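**Student:** Just dropping this structure here.
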Amino acid sequence: MTPNRDPIDFSHADHSGLFDILASTAVDGIIIIDSDGHIIFSNAACEKLFQYPAQEIAGQNVSMLMPEPYRSEHDSYLDHYKTTGDAHIIGIGREVTGRRKDGSTFPMYLSVGEGHLDRRRVFVGIVHDLTDFHAEAESRRKSDQHLLAVLDSSEDAVLSKDLNGIVTSWNSGAARIFGYSADEMIGSSISILFPPDRLSEEEEILRGIRAGKAVRQYETTRRRKDGMEISISLSVSPIRDENGQIVGASKIARDITEQRRAEAQSAKLQEELAHIDRVNVVSQLSSALAHELNQPLTAIMNYVGAAKLRVSAIEDSNANRAETLLDKTLEQADRAGAIIKRLRAFLEKREADRTTQDLNALVREALAISFVGSADDDVELIVDLASDLPAVEVDRVQIEQVIVNLVRNAVDAMRGGDERKLSISSYKVGTQNVELSVSDTGPGVHGDVAAKLFEPFVTTKASGMGIGLSICRTMVEAHGGRIWLAPSEKGAVFKMQLPTRDND
Amino acid sequence: MSDQNLICLVDDDESVRESMRELFEAKGFRVEDFRSALHFLAGNALQSCKCLIADIRMPEMDGLALQDELNRRGYHFPVIIITGHGDVPLAVRAMKAGAVDFIEKPFKQDVLMDAVSRALAPPSSSRASDDPKFAERIAELTDREREVLDLLILGDANKVIAQKLSISFRTVEIHRARILSKMQAASVAQLVRMVITGNSGS
């Protein structure tokens, strides 16, 4: 309204003009009926709503704008009201269904007022089309339903709680993870999920939520309905109402128990492996050392023995003296040999650990150990284990260690290569032996190195000690088996043969 | 010495090979030595060899494989296996493959010479039935000791023997010590050799 115009004075205005403008511009339908239900007036909006031209409905019973059964019963509604004054719609308004000329129906909001015109009782109805509103509500309902379905189908627990920790929603993921149904949890305190020693955690989380702080991927422990404690990763965010007030918290919890168990298992395997390494390195180093010392010691004793034979042929006091000295030398060499034998006997006590084993099972375990925590999962592994393998009588730890060694060597050899294929197979050789073959697609083992491969302290690895294969050989031979580098066109092929348990 | 006594040595360790050669030559034997089984198989010495002494552990072809190859080619001269590893199962395998003896490194020259003398002796004197001492000693064993001995010869570890006979590990150790003492063997290795050759070695 602009100040340079005079305001309209309705007290003196032409009321029929006011009614005309009201009725013709109203977006909602306006219908006036008499006490028998006959239409006295309908405005322009009604033509659109019901698709009847105004003159077609003028004087007709308003029930024609309703579908059955209201259509037939409308007169009795009116009678009922007129005799009892018991209003169901008059003075109130509610959602009803309208009927168009073509018989189709639509939802509408009808409010009805009662008044008198020329001393006759009339009812004024205002009709608001709800078609769009319904469509919107339906689409909202559908999208809510979809959202709920998404939440519900989530593997994770999705739930909400108020600021007192009372659960307000609970999806099926939550039911599965925690074991409580939505019925059991909604309205209950979330604290029943907390192990006693973690109760203070909830206080802390709620304090943070009230201050608007979210918690992301917090790892903690909760207790299932069956009492089992599970590891979960938890994210909690504040929920705000339309005014921005924090009214609760939404929680997403993921069950990471399996993951934790797998990690613990992997750590345990690593630890076992480290232990096997330690124990074996000590005993195998000693064994390799004993073997290597044996060679020069054998040569010394042979040389001295030969020298003694030569000297004894000379009849001379100096020669006699020299012979005595050579005898003393032999005694000392023999003593050194005895020490080595004792050491070896001590190491061979490990034989007592031999049990009946399935070589294939050892291979599988060794593979698990070999690839634990390693970044070598892009190595293509081809495992072909004969199903009819006879049992072997072995020290499980030692033979597994040999296999681990071969597998790791193969993986190391292929590092940086384009093709990284590791094949491991087991099979029978005759009736008395089983063989394991480990081949890789690395650069292979060449000339000089190949000849001395199984000797201690020979390595092609920058960081290697070079005792791996010599230890393997010591261990395999202690089992009456053999280990060797097989000829191959490309890559390296190592083979290990072990006598079967029933070999005789 | 004539070809009658040609001794062939196969060992990849040069010092061991050379020192053994010195020893045999000082004793008056004719010796040829080879640094690998393949070199030996490729040479002429194969035809006139009367006793082969081979290391069990060698690259390319080890002592056991060499034995197999000689058997395959039909050579039956005595083979003495030298091992740095006095392991019973391995020794049993060597003996089964036809070795007449095996010796643990390091060895005293007497041990080596005795083994060679036995290998070169006419076969009749090394038969079990012809060695009364061996038969006598075997007879001294109790039934249970005989059982333990049989399993020892199979190359079974003490623990396995204990399981098979349902007796304790400790009991097996006691039996084993008694067997060694009754058979007058210095080691299980020697015991295995005795039983397999049927010769007391004395």
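**Student:** Tally up the residues in segment A:310-335 that are facing chain B (nearest Cβ under 8 Å) and either open to solvent by less than 50 Å² (accessible area, probe 1.4 Å) or under 60 Å from the mean Cα position of the chain (by Cα) (or both), please.
**Tutor:** Residues meeting the conditions: 2.
**Student:** Take the conditions farther than 14 Å from A:Ile126 by Cα, among the aromatic types (Phe, Trp, Tyr) and open to solvent by 30 Å² or more (accessible area, probe 1.4 Å) and apply them to A:Tyr70. Does it pass?
**Tutor:** yes
**Student:** Taking interchain pairs and intrachain pairs at least six residues apart, which have beta carbon atoms under 6 angstrom, with the first residue in segment B:46-57 and more than 14 Å from chain A (Cβ to nearest Cβ) and hydrophobic (A, V, I, L, M, F, W, C) and the second in a helix (DSSP H, G or I) and open to solvent by 10 Å² or more (accessible area, probe 1.4 Å)?
**Tutor:** B:Cys51/B:Ala119; B:Cys51/B:Leu120
**Student:** A follow-up question, please. Quick one: count up the residues across segment B:66-113 that are modelled with pLDDT of 80 or more and more than 12 Å from B:Arg193 (Cβ to Cβ).
**Tutor:** Residues flagged as modelled with pLDDT of 80 or more and more than 12 Å from B:Arg193 (Cβ to Cβ) within segment B:66-113 amount to 23.
Results for (1) small (Gly, Ala, Ser); (2) within 30 Å of B:Val172 (Cα to Cα), shown as yes or no for each residue.
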position	(1), (2)
A:Asn360	no, no
A:Ile369	no, no
A:Ala410	yes, no
A:Gly417	yes, no
A:Ser426	yes, no
A:Thr431	no, yes
A:Val438	no, no
A:Val445	no, no
A:Val449	no, no
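**Student:** Sticking with this structure for a sec: Which of the numbered conditions does A:Arg342 fail, given that it passes all the others? Conditions: (1) exposed (fewer than 13 other Cβ atoms within 10 Å of the Cβ); (2) within 29 Å of B:Thr83 (Cβ to Cβ); (3) at pLDDT 85 or above.
**Tutor:** Looking at each condition in turn, A:Arg342 falls short on (3).
**Student:** If you don't mind, another one. Could you give every pair whose Cβ atoms fall below 6 Å, whose first residue belongs to segment A:51-71 and is part of a strand (DSSP E or B), and whose second residue is open to solvent by 30 Å² or more (accessible area, probe 1.4 Å) and among the polar types (S, T, N, Q), counting only separations of at least 6 or pairs across chains?
**Tutor:** none
**Student:** Still on this structure: Quick one: A:Val112 ticks every box in (1) buried (at least 16 other Cβ atoms within 10 Å of the Cβ); (2) within 19 Å of A:Ala44 (Cβ to Cβ) except a single one, so which number is it?
**Tutor:** (2)
**Student:** Filter segment B:152-168 down to residues that are outside any helix (DSSP H, G or I) and either touching a Ser or Thr at 6+ places or on another chain (Cβ under 6 Å) or not polar (S, T, N, Q) (or both) and give me whichever is farthest from the other protein chains (Cβ to nearest Cβ).
**Tutor:** Selected residue: B:Ile167.
**Student:** When B:Arg144 is evaluated against the numbered criteria (1) open to solvent by 60 Å² or more (accessible area, probe 1.4 Å); (2) over 22 Å from the mean Cα position of the chain (by Cα); (3) closer than 23 Å to A:Lys341 by Cβ, which criterion, by number, is the only one it fails?
**Tutor:** Exception for B:Arg144: condition (3).
**Student:** A further question follows. Does any residue of segment A:97-114 turn out to be basic (Lys, Arg), modelled with pLDDT of 90 or more, closer than 23 Å to A:Phe50 by Cβ and in a strand (DSSP E or B)?
**Tutor:** Yes - at least one qualifying residue is present in segment A:97-114.
The values are calculated or read from the model by the stated rules, or taken from the named source; none is laboratory data. The model shown is predicted, which means the values in this text are computed figures rather than measured ones. Quick reminder, even Gly has a Cβ in these numbers, built from the backbone with ideal geometry, and neighbours come from all protein chains shown. Ligands, DNA and RNA are excluded from the accessible area calculation, which covers all protein heavy atoms including side chains. Shrake-Rupley method; radii C 1.70, N 1.55, O 1.52, S 1.80 Å.
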